[in-house]
Structures are given as C-alpha cells and as structure tokens.
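The values are calculated or read from the model by the stated rules, or taken from the named source; none is laboratory data. No experiment lies behind these values; they were computed from the predicted model shown. Note that we place each Cβ from the backbone using ideal geometry, even for glycine, and neighbour counts take in every protein chain shown. Protein only, heavy atoms only, side chains kept; ligands, DNA and RNA dropped before computing areas. Shrake-Rupley method; radii C 1.70, N 1.55, O 1.52, S 1.80 Å.
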Amino acid sequence: MKTFKVFLNIGGASFVPADRWEREGDWYKFYRDGSVIAEFAALWVVKIEERDFQEPTFPGK
C-alpha cells in the first residue's frame, strides 16, 4: 500500500492510504482492496505525490 498526497487548488492537501489511483472522466478515484475509498474532482487536483505507506507510531509503545 502507498500513501498518496493529493494537492488541491482550493488550498491544502489530503493524504490517502490506498493501493492505487485512476483518473476516470472528471474524477480521480483511489482504491484499496478493490474498492473506491476516496474521490476528488479533477478540477480541484493540482498534483498527486506517491509515498511509501508508514504505519503510525506512538510514543512509549
């Protein structure tokens, strides 16, 4: 699994843990285990960066 950082033209970004993404018409769709888990309107997306997924770490564990 990867983490995708989706930069939006309305300001800010979203981090999406997913297996893959595709552009389908006017939408970017992000998939995990074969199901769509997030969608963004293509007009809002400036760029997408792919990163290796990292499990969260908690102090003291």
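A Cβ distance below 9 Å, combined with a sequence gap of six or more or placement on separate chains, defines the contacts here; from segment 39-61, residues that are under 14 Å from F15 (Cβ atoms) reach no residue that is acidic (D, E) and at pLDDT 85 or above.
Applying the selection to segment 49-61, what residues are exposed (fewer than 10 other Cβ atoms within 10 Å of the Cβ) and under 16 Å from M1 (Cβ atoms)? D52, Q54, E55, P56, listed by residue number.
Each residue in segment 30-43 was checked for being open to solvent by 80 Å² or more (accessible area, probe 1.4 Å) and either modelled with pLDDT under 95 or of a type in the set (A, V, I, L, M, F, W, C) (or both), and 1 pass.
Checked against (1) surrounded by 10 or more Cβ atoms within 10 Å (Cβ to Cβ); (2) of a type in the set (A, V, I, L, M, F, W, C); (3) over 14 Å from the mean Cα position of the chain (by Cα), F15 passes all but condition (3). Only one of the numbered conditions (1) hydrophobic (A, V, I, L, M, F, W, C); (2) in contact with a helix residue (DSSP H, G or I) (Cβ under 6 Å, 6 or more places away or on another chain); (3) open to solvent by 70 Å² or more (accessible area, probe 1.4 Å) is violated by V46, and that is (2).
Annotation note: Cβ proximity below 7 Å between a residue of segment 1-24 that is under 14 Å from K47 (Cβ atoms) and a residue that is open to solvent by 70 Å² or more (accessible area, probe 1.4 Å) and of a type in the set (V, I, T) (sequence gap 6+ or interchain) occurs for F7/V46; L8/V46; N9/V46.
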